[in-house]
Every structure is written in structure tokens, then in C-alpha cells.
1. Roll a 1.4 angstrom probe over the protein heavy atoms and tell me the percent of accessible area of region 259-341 that is carbon or sulfur.
2. At most 12 other Cβ atoms within 10 Å and a DSSP loop assignment: could you name the chymotrypsin sites (Phe, Trp or Tyr not before Pro) in region 214-288 that fit?
3. For the chain, what's the relative contact order in percent, using C-alpha pairs closer than 8 Å and at least 6 residues apart?
4. Counting helices only, and only those DSSP H runs with n ≥ 4, report the 222 nm mean residue ellipticity of the chain as the sum of -39,500 (n - 2.57) divided by its residues, in deg cm²/dmol to the nearest 500.
5. Tell me the Rg and the Dmax, in Å, that the Cα atoms of region 44-114 produce.
6. Set Lys and Arg Cβ to +1 and Asp and Glu Cβ to -1, take the dipole of the chain about its Cα centre, and tell me which of ILE207, VAL107, PRO243 lies farthest positive.
7. On average, how much accessible surface per residue is there in region 184-327, in Å², for a 1.4 Å probe, leaving out ligands, DNA and RNA?
8. Computing the accessible area with a 1.4 Å probe over protein heavy atoms, can you report the carbon and sulfur percentage for region 190-251?
Amino acid sequence: MGENIVGRALRSRGISSTVILLLLVLDVACSYTPDYKTYHDVDRFNKEIEEMAAQWPKLITLEQTERSRDGNPLYLLRLTGGAPSDGKRKINILITFGEHSREFVPVESFFKLVRGLCSNYEQGDEVVKFILTHVNLLLIGLVNPDGRKYLERKKDYCWRGMANSVDVNRNFDWEWGGPGSSGNKKSEEYRGEQAFSEPESRFVRDIASKSQLDAYLSMHTGAQYIFTPYGDSKSKRTKRRHPLTSEQISLGNAMWSATDGFFTGVGTVNDMNDYTADGTIADWISGVLKVPFSLTFELYGVPGDLPNCFEQFNPDSKNLEKTLNHLHPLYNTAFLFLINHYTHAVPPPAIQKLPTTSSVQWQFFQNMDSPGNNLHYVDLTKNMPNRVEMMKEMCALRVDCAGFHSSGWFKKTVLPKEARKAVPGQAAESGLYVKVPKEGGAVNPWEAQVAP
């Protein structure tokens with residue numbers, strides 16, 4: 001067992017190795033592992049995906065044409081409703097879950113998504129009916145059953161790859177073999193002997209290649225971020241961007257707003273991460289297949305360096321449903337955004353129209369801040385002009401956002417001018433941005449009348 005950050009800090013304060021080891025053991029003992037009454041193991045996954053297909057045969061088509069390297073079934077679940085009455089085309093969205101063994105939350109999110117859409121469609125929910133008549137969903141609920149089986153057998157909750165150690169998310173032919181992966185079989189980022197060396201990779205590749213995709217979403221855990229392409233080493237070095245980066249960021253901002261700030265960061269992955277990742281699914285789908293929207297999500301993560309990986313990547317059973325409820329508005333938001341982007345289909349009245357950046361204007365106060373009453377903090381690009389434009393869009397989407405400081409803090413209210421605090425030494429673009437109504441503008445409803 002290696003020391004974590006806490007262990008190293010204790011050693012620096014003169015605490016003995018014996019005491020540190022005892023504390024680490026107690027930490028693991030007091031933490032949690034998966035409760036398979038709540039979380040799905042592979043056998044239960046296979047059983048329940050078949051049951052869902054039998055329960056909703058008019059909405060679900062379940063295909064099992066391929067098997068993993070170890071012979072486990074690989075499922076593709078197609079979910080869609082009837083043809084749109086407005087004559088618009090259906091858009092095709094692929095979502096993958098369960099790429100990495102230790103990341104349980106995405107698989108649970110898959111079940112919640114399918115059951116929620118099907119049951120709400122049956123009950124006549126206008127929003128869901130609109131979505132499923134305009135979208136073909138292609139869902140791979142468990143990309144990596146071999147790795148999950150290995151984890152279950154060994155109880156190694158840090159295990160990331162497939163049973164043979166290959167990381168499926170480093171096995172795709174986009175900058176494959178770069179330094180953002182490893183040729184060492186003992187590395188958790190082992191890329192395999194060659195691109196698409198694994199049946200699981202080829203399974204995803206073939207579905208994506210044949211489906212004329214309009215969007216792809218890749219679900220993970222480890223943090224709470226929304227990433228746009230590209231994440232490979234060459235892209236980080238050359239600052240390569242996708243042609244639709246601004247539209248992808250707008251989609252990310254909308255999902256951030258819909259989940260009430262659940263995600264703590266939104267941005268291009270090579271700008272947001274210190275490390276690189278070569279051979280990922282999302283980059284291949286974006287760069288090779290030229291799919292306009294290809295986003296990667298980190299759905300949950302505990303900051304730090306915990307000795308129990310399951311705890312680091314997944315909530316305990318009693319908090320799983322709460323976590324899923326918090327993040328799940330991202331899906332319908334993504335579907336509605338993409339339907340509008342591609343078809344401009346008119347949504348039903350039940351869908352509330354969100355405000356946009358065009359509905360507000362901004363007052364800027366250089367090197368000033370409005371202390372306290374913060375709404376959310378978000379980690380964004382270090383490019384200050386881009387950061388400010390993102391924060392304007394994000395704040396405009398929230399009726400409870402009064403403004404923001406360009407350091408990353410959104411505000412519930414802002415203090416009157418005379419109560420604001422000077423912040424010395426900031427860049428020219430840095431400061432407080434206050435949201436004001438575009439029409440009238442004499443009274444700012446978001447400005448606090450008195451200091452708290």
C-alpha cells in the first residue's frame with residue numbers, strides 16, 4: 001500500500017511510519033466498496049439489459065452480435081420513438097458507458113437514462129416524446145465487461161483497463177502510440193500492440209463508423225468536468241481545436257447550467273488538463289469520423305489521492321441516487337440542444353426557453369470584486385478573453401446569477417458599487433462583471449440593496 005497525500009503530509013510533520021500505516025489501514029477499513037444490491041456487477045448488467053428490452057420492445061432494440069476477448073457479450077441498445085410528425089430528420093447520438101473498470105457510475109447512469117426515458121415516454125411526457133421522436137440513441141452500456149469481471153474477481157478497485165491490461169480509451173487510431181499513452185503492459189494507460197487490437201475497440205469503431213453520427217458522448221468518472229476535443233499530445237503542443245469548439249462549449253455550458261453547477265469545469269481537454277491522452281475514442285470520432293459534437297464527461301470524483309480507488313471514483317450506495325439525480329439533467333439538455341442545432345424543430349410548450357447572452361448586458365468593473373454570496377466556482381480556460389465570454393454565457397443561462405468575477409466565481413447578488421472591494425494586480429480583463437437587463441436597465445434586480 002503506498003502513501004497518499006495525507007500520509008506524505010504526516011511524515012513531513014515527523015509522524016512515524018508505523019502510525020502512518022495504521023492510519024492508512026483505518027482509512028481503508030472505514031471507507032466503502034461496491035454494494036452489488038445497488039451497483040450492477042456484470043451478470044446483473046446482462047440480465048437487466050435483456051429485461052429492459054423485453055419490457056419496452058416498441059422503444060428498445062437490443063443487439064448482441066459481438067463478444068469481448070474473454071467471450072462476454074457486447075450489447076448495443078438502440079432507443080428511439082416514432083417518426084417525427086414535423087418531417088424533420090432524426091439525429092443519431094452514440095453514448096458509451098463503462099470504458100474503465102473502476103468507474104461504476106457511468107453504468108448506473110446508463111440504466112437510469114434508459115428506464116427514465118422509456119417510462120416517461122409511456123406516461124406521455126411531452127419533452128421525452130419530443131426527444132425520442134427526433135433522436136436515435138445508440139447506447140453501449142458496458143464497453144469493457146472483461147475488465148469489470150477481472151475487478152470483481154480480484155477485488156482490485158483501482159483496476160482501470162481490460163482483463164489483459166489494455167486501456168480501450170488509448171486503443172483508437174488517433175495519434176495512437178503518442179506519449180499520452182504507454183507501451184508498458186503494467187501501465188494503466190497501456191495502449192495495446194496496435195490500434196484497434198481489441199474486440200471491444202473494434203465493436204465501438206464499427207458502430208460509430210456505420211451510424212452517420214451527429215454526436216458522441218463518452219462517460220467517465222474521476223472528476224466533474226465536461227471536455228471538448230482534442231486531448232492528444234500533438235493537439236496540446238499545437239493548440240489544435242475542433243472547428244465547432246465554440247458550439248461544443250455552448251453545449252457544455254448549457255449542461256453545466258441544467259445540472260445546477262454540478263460540473264466544476266468546462267473546456268477543451270488539452271487546455272484544461274496537464275496530462276495528455278493519445279488514442280481516445282472521443283478524439284478518433286471527432287478527428288477521423290468528423291462527427292461535429294464529441295464530448296467527454298467526468299461524472300463524479302473525490303479530490304485528492306485516496307487509497308481506496310472505489311471511493312475516489314464512485315459514491316457510496318446511499319449517495320448514488322442523489323448523485324445521479326444531480327447530474328442527469330445533462331442528457332435531456334444535450335438532446336434538446338442537438339435537436340435544435342441540427343433540425344430547428346419546434347419544441348413543445350413544456351420546454352422552457354432559456355435566456356441567452358443576447359438577453360442581458362454587462363457592466364465591467366476592473367480590478368473589483370463583490371465579496372460573499374457566491375453561487376458556484378468553475379474551472380475554465382486560462383485564456384482570459386475566452387474565459388470571460390464563457391462566463392457571460394454561463395451566467396446568462398442562470399436566472400439566479402447576478403454576475404461573476406473572472407477568477408471563476410459566479411455571484412447570487414452583487415454589492416452596491418460603494419461596498420465593492422478593490423483587487424490589486426489583476427490583468428486588464430480581470431474584474432467584476434455585473435448582469436443588467438437589456439431593456440430599461442435603470443434598476444438592476446440582481447444588485448443587493450444593502451451589504452450583507
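1. Answer for region 259-341: carbon and sulfur cover 52 percent of the accessible area.
2. Those satisfying the criteria are TYR275.
3. 15
4. Calculated from helices alone, the mean residue ellipticity at 222 nm is -10500 deg cm²/dmol.
5. My reading of the Cα-based Rg and Dmax gives 14.1, 46 Å.
6. Highest projection toward the positive end goes to PRO243.
7. Using a 1.4 Å probe on heavy atoms only, each residue of region 184-327 averages 37 Å².
8. 46
The values are calculated or read from the model by the stated rules, or taken from the named source; none is laboratory data. All of these numbers come straight from a predicted model, not from anything done at the bench. Every residue, glycine among them, receives a Cβ derived from its backbone with ideal geometry; neighbour counts consider all protein chains shown. Areas reflect the complete protein model, heavy atoms only, side chains present, ligands, DNA and RNA absent. Shrake-Rupley method; radii C 1.70, N 1.55, O 1.52, S 1.80 Å.
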